[in-house]
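So the structure is just underneath, and the comments pick up after that.
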Amino acid sequence: MLIRQTPDLTENDVTDKGLYYGRRTFMTAAAALGSTGLLGLDAAQAAPLATVKSPYKVDEELTDPKAIAGYNNFYEFGTDKSDPARYARSLKTRPWTLVVDGLCAKPQRFDIDALMKRFPIEERIYRHRCVEAWSMVVPWNGFPLASLLKVVEPTSAAKFVSFTTLVDPAQMPGQKDDFIKWPYREGLRLDEAMHPLTLLAVGIYGETIPNQNGAPIRLVAPWKYGFKGGKSLVKISLVDKQPQTSWNMINGREYGFYSNVNPEVDHPRWSQATERRIGEFARRKTLPFNGYGPQVASMYSGMDLRKFY
Ligand SMILES: Nc1nc2c(c(=O)[nH]1)N[C@H]1C(S)=C(S)[C@@H](COP(=O)(O)O)O[C@H]1N2
Ligand SMILES: [Mo]
């Protein structure tokens with residue numbers, strides 16, 4: 001997101017690189033395989049989900065599903081916004097096991113299909129703010145991370161949670177490039193992980209989540225920059241120390257552990273005061289905690305958010 005690309009894209013860039021390629025990819029896939037549903041994916045990738053409404057929703061226009069699934073950051077499949085939609089087809093998402101382990105009484109391995117039946121799948125309409133200063137509004141489908149963590153019973157020694165993405169260069173061609181020390185790692189403090197807004201997403205727009213968005217299961221913490229939401233997770237561990245995280249390992253000055261959306265703390269190379277919502281022309285103001293301050297700010301009371309960026 002930072003090393004080879006300019007941080008923010010103009011409307012033209014997005015139309016050209018993101019939406020244009022996104023549409024073309026979808027049309028190609030649809031022509032070759034036949035397609036279903038809103039996301040235009042083939043039937044092997046997109047299945048309808050039974051979802052329940054939730055009170056967690058913002059009343060804003062939803063981003064075009066083809067943009068959500070055509071303009072992605074998923075460096076395991078390449079660094080261009082259009083790469084994930086093109087190359088993530090090779091990701092095999094069944095069978096899939098999610099390990100939840102570490103400092104808990106009942107560490108265990110969960111089969112993804114069993115997991116998706118175990119908890120009600122909610123619809124959550126969240127803002128998404130990338131550290132690169134673009135944003136979108138996504139109707140995710142998923143269940144609270146807290147529901148899963150309660151099953152394994154964290155011990156009192158658990159203070160943080162780490163998230164690990166699959167490593168398989170045969171399926172993930174971007175992993176042949178090693179500027180990220182794979183796996184992609186992320187982490188949260190335990191209270192952040194247990195917060196009711198923190199979601200494990202298994203779908204968008206009422207369909208199973210497209211591979212390029214992190215199938216079969218990815219994290220969503222909407223008050224943080226998007227990179228905190230690890231995709232295609234294989235492991236969630238309860239740990240006692242703040243875990244190492246991928247972007248922080250690459251450039252700790254630019255990407256902090258907390259990475260709460262904060263219009264007052266600029267990235268060293270660009271302003272975070274405003275953002276460009278995909279599909280809009282004018283920039284809008286970025287909100288503290290991405291607009292989720294009333295729900296989450298109390299977790300950071302007494303902390304200097306310039307220091308803990
Ligand atoms: N494993 C993995 N997870 C990842 C990334 C990645 O490159 N690899 N990119 C992050 C970034 S920078 C963002 S903005 C979001 C993008 O999610 P989306 O493509 O579903 O919009 O995924 C995050 N999760
Ligand atoms: Mo991002």
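Against the numbered list (1) under 17 Å from Q108 (Cβ atoms); (2) within 16 Å of ligand 2 (Cβ to nearest atom), C130 comes up short only at (1).
Checked against (1) buried (at least 20 other Cβ atoms within 10 Å of the Cβ); (2) within 16 Å of ligand 2 (Cβ to nearest atom), N211 meets all criteria but (2). Just one of the numbered conditions (1) in contact with a helix residue (DSSP H, G or I) (Cβ under 8 Å, 6 or more places away or on another chain); (2) more than 15 Å from ligand 2 (Cβ to nearest atom) is not true of A50: (1).
Evaluation of A85 against the conditions (1) at pLDDT 95 or above; (2) not in a helix (DSSP H, G or I) shows that the sole unmet condition is (2). On the basis of being of a type in the set (A, V, I, L, M, F, W, C) and within 14 Å of ligand 1 (Cβ to nearest atom), does A193 make the cut? In short, no. With respect to E61, is the statement that it is within 29 Å of S259 (Cα to Cα), part of a loop (DSSP other than H, G, I, E, B) and in contact (Cβ under 8 Å) with a residue 40 or more places away in the chain true? It is true that E61 is within 29 Å of S259 (Cα to Cα), part of a loop (DSSP other than H, G, I, E, B) and in contact (Cβ under 8 Å) with a residue 40 or more places away in the chain.
For residues that are touching a strand residue (DSSP E or B) at 6+ places or on another chain (Cβ under 7 Å) and within 11 Å of ligand 1 (Cβ to nearest atom), scanning just segment 196-213, find the one that is nearest to F160 (Cα to Cα). Applying the filter and picking the extreme gives A201.
Take P65 and tell me if it is surrounded by fewer than 19 Cβ atoms within 10 Å (Cβ to Cβ) and under 27 Å from P120 (Cα atoms). Judged against the criteria, P65 is not a match. Suppose the filter is within 16 Å of ligand 2 (Cβ to nearest atom), out of contact with any Cys (no Cβ under 9 Å at 6 or more places or on another chain) and not aromatic (F, W, Y); does N262 pass it? In short, yes. Within the option set R185, R189, being at pLDDT 95 or above, surrounded by fewer than 24 Cβ atoms within 10 Å (Cβ to Cβ) and within 16 Å of ligand 2 (Cβ to nearest atom) holds for one residue only, R185. So for segment 166-177 (the condition being surrounded by 23 or more Cβ atoms within 10 Å (Cβ to Cβ) and closer than 29 Å to W270 by Cα), does at least one residue qualify? Within segment 166-177 (the criterion being surrounded by 23 or more Cβ atoms within 10 Å (Cβ to Cβ) and closer than 29 Å to W270 by Cα), the answer is no, since none of the residues qualifies.
Remark: G40 matches the filter, which requires a residue to be of a type in the set (G, A, S) and either over 30 Å from A146 (Cβ atoms) or modelled with pLDDT under 95 (or both). If I filter segment 169-187 for residues that are in a strand (DSSP E or B) and hydrophobic (A, V, I, L, M, F, W, C), do I get at least one hit? Scanning segment 169-187 turns up no residue that is in a strand (DSSP E or B) and hydrophobic (A, V, I, L, M, F, W, C). Take the residues in segment 135-165 that are over 17 Å from the mean Cα position of the chain (by Cα) and in a helix (DSSP H, G or I); name whichever of them is surrounded by the fewest Cβ atoms within 10 Å (Cβ to Cβ). So the residue we want is K150.
Of all residue pairs spaced 6 or more apart or on separate chains, those with beta-carbon atoms under 9 Å, a first member in segment 221-242 that is free of Cβ contacts under 8 Å to residues at least 40 places away in the same chain and under 15 Å from G256 (Cβ atoms) and a second member that is within 13 Å of ligand 2 (Cβ to nearest atom) and among the small types (G, A, S) are A221/G229.
The values are calculated or read from the model by the stated rules, or taken from the named source; none is laboratory data. Since this is a predicted model, take the numbers as computed values, not measurements. Cβ: placed from backbone, ideal geometry, glycine included. Neighbour counts: every protein chain shown.
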